[in-house]
């Protein structure tokens, strides 16, 4: 499995401009970019959908397993996988550190989004 370059990962971690575009069913066309929150925990990149496992982009990401992200002024081809639930407390802490002042923060550490945490790696 390919890992992120540490400089790239740092830039992604520092930005709030993150869009995710899983492939559509044809595995050739990217879905509409969706702005979401992202965090880095122990050298890995994670995201969560507001609507949990019912989220459209989440379903596409796990079904197709690939797509692209745009972050820190760059675009990357990526792979998506369901995160190990053992990382959820660390992801919660990273969300709190990065987005804790937002009124949208509390739901993002709730059961529904936690159940749909996604790990993103470079393709």
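What follows draws every value from the coordinates through simple rules; no lab data is involved. Computed from a predicted model, the values in this text were never measured in an experiment. Cβ atoms come from the backbone with ideal geometry, glycine included; neighbour counts cover every protein chain shown.
Among all residues of region 64-86, there is at least one that is touching a residue at least 12 places away in the same chain (Cβ under 8 Å), in a helix (DSSP H, G or I) and within 20 Å of residue 25 (Cα to Cα). Going through (1) over 17 Å from residue 122 (Cα atoms); (2) over 12 Å from the mean Cα position of the chain (by Cα); (3) assigned to a loop (DSSP other than H, G, I, E, B) one by one, residue 3 falls short only on (1).
Quick grid of which residues meet (1) buried (at least 18 other Cβ atoms within 10 Å of the Cβ); (2) in contact with a helix residue (DSSP H, G or I) (Cβ under 9 Å, 6 or more places away or on another chain); (3) in contact (Cβ under 8 Å) with a residue 12 or more places away in the chain:
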position	(1), (2), (3)
53	no, yes, yes
57	yes, no, yes
92	yes, yes, yes
107	no, yes, yes
116	yes, yes, yes
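State whether the residues of region 41-50 include one that is in a loop (DSSP other than H, G, I, E, B), more than 12 Å from the chain's Cα centre (by Cα) and in contact (Cβ under 8 Å) with a residue 24 or more places away in the chain. Within region 41-50, one or more residues are in a loop (DSSP other than H, G, I, E, B), more than 12 Å from the chain's Cα centre (by Cα) and in contact (Cβ under 8 Å) with a residue 24 or more places away in the chain. When the residues of region 6-34 are filtered to those that are closer than 17 Å to residue 62 by Cβ and surrounded by 13 or more Cβ atoms within 10 Å (Cβ to Cβ), the one that is nearest to the chain's Cα centre (by Cα) is 20. A count restricted to region 97-117 and to residues that are outside any loop (DSSP other than H, G, I, E, B) and out of contact with any strand residue (DSSP E or B) (no Cβ under 7 Å at 6 or more places or on another chain) stands at 10.
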